[in-house]
1. In vacuum, with every alpha carbon of the range 154-265 counted as one equal point scatterer, what does the Debye formula give for log10 I(q)/I(0) at q = 0.14, 0.16 Å⁻¹? Two decimals, please.
2. Spin-label point model (7 Å from Cα, Cβ direction): what's the ALA291 to LYS174 distance in nm?
3. Quick one: Debye curve from the alpha-carbon atoms of the range 57-170 only, equal weights, vacuum; give me log10 I(q)/I(0) at q = 0.22 Å⁻¹ to two decimals.
4. Excluding residues on the same chain fewer than 8 positions from LYS220, give the aspartates and glutamates whose Cα lies under 15 Å from its Cα.
5. Give the cross-link partners of LYS292 among the lysines, using a straight C-alpha distance below 30 Å as the criterion and excluding same-chain residues fewer than 8 apart.
6. How far apart, in nm, are the 7 Å Cα→Cβ label points at ALA208 and ARG105?
7. Tell me which lysines have Cα within less than 19 Å of LYS65's Cα, excluding those fewer than 8 residues away on the same chain?
8. Share of the range 161-295's accessible area from carbon and sulfur, percent, 1.4 Å?
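The values are calculated or read from the model by the stated rules, or taken from the named source; none is laboratory data. Just so you know, these numbers come straight off a predicted model, no measurement behind them. Virtual Cβ from ideal backbone geometry, glycine too; neighbours counted across all protein chains shown. Note: areas computed on protein heavy atoms with side chains; ligands, DNA, RNA excluded. Shrake-Rupley method; radii C 1.70, N 1.55, O 1.52, S 1.80 Å.
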Amino acid sequence: MALSRVCWARAALWGSAVPPGPYVARKLQFVRSGLAWGAPRSSKLHVTPKTDVKSLISYVATKTKVIHEKYHRFLGRHFPRFYVLYTIFMKGLQMLWADAKKARRIKTNMWKHNVKFHQLSYREMEHLRQFRRDVNKCLFLGILSIPPFANYLVFLLMYLFPRQLLIQHFWTPKQQIDFLDIYHALRNQSHPEILSYLERVIPLISDAGLQWHMTELCSKMQRGTHPSKHDILALRECFSDHPLGMNQLQALQMRALSRAMLLTPYLPSVLLRHRLKTHTTVIHQLDQALAKLGIGQLTAQEVKSACYLRGLNSTHIAEERCRTWLGEWLQISCSLKAIRL
């Protein structure tokens, strides 16, 4: 009996033409439906498309990170000098991109809230000032790269002349110290010319008391003595009008001042005068913002950068001395009026 039932079931599954009994037919129909639909799927196996995309992105990111690390180890083992340059270049790009995003955020807030440059905080003003100088330097490289295949020549020029063509983000730590020393030496070369001009204009000063103060100031600087705050403020009237006012300076004196401020001296007189006025006005606005913030709020690097911008070679000077010097500078600067553009 059991053997006959098995034979009937096999015949039904194989499509036999022999009709089974009603009981076996119903049983086989149930078995077929179970085979056709299968067991119900578990909810744990169901994955949404969004989860699939996230998993794919995570997998690609992990593999990219592993490949990146292997590439770095390969360069470090086989090409150590090139690896140093490559690392500095990539970090420089990251810092430049971060500076660009911060500058864009500051400019957006200025536009939204109708804020002028001199109304910003000290750090925001300093960031915009430095970023503009960096962009101007990068723009020059971009212009050189416009001709076909000129980008290969630009890379060679950047390797040979990093001080002239690259910004500080792409300098090595040793280059940062060496290049700042070179720039300060170039700045010092213009000091004798400026001092000589001050001595020549002493007879042109109408007030006898101011003539005496100017003579004493020039004598102290020639002896290497640092002038005091009162020595400088006593001569403020000489620099607001003839013969030492900004509008009365000649082209030679403006070029000497431009070199002392690390500005391009190879411009027409009109542009030299305008750039000197703009540069000194920005520094005066920075001084006022820094006086509100307080020197004590600045980091050591910010203090050294502020001193270097104002003429002191702070790379080899202790932080406390830099803070003292910057405090004296702010006392003088905040006692003066801004130059009218």
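1. Reported log10 I(q)/I(0), two decimals: -0.70, -0.82.
2. The modelled label-to-label distance comes out at 4.3 nm.
3. Relative scattering, expressed as log10 I(q)/I(0), comes to -1.16.
4. Within the straight-line cut-off, LYS220 pairs with GLU199, ASP231.
5. LYS101, LYS102, LYS107, LYS112, LYS116, LYS229, LYS277, LYS304, LYS337
6. Taking the two extended label points, one gets 6.2 nm.
7. Here the lysines satisfying the reach criterion relative to LYS65 are LYS54, LYS91.
8. Numbers: 4410 of 7480 Å².
For the range 161-295, the apolar C and S fraction of the accessible surface comes to 59 percent.
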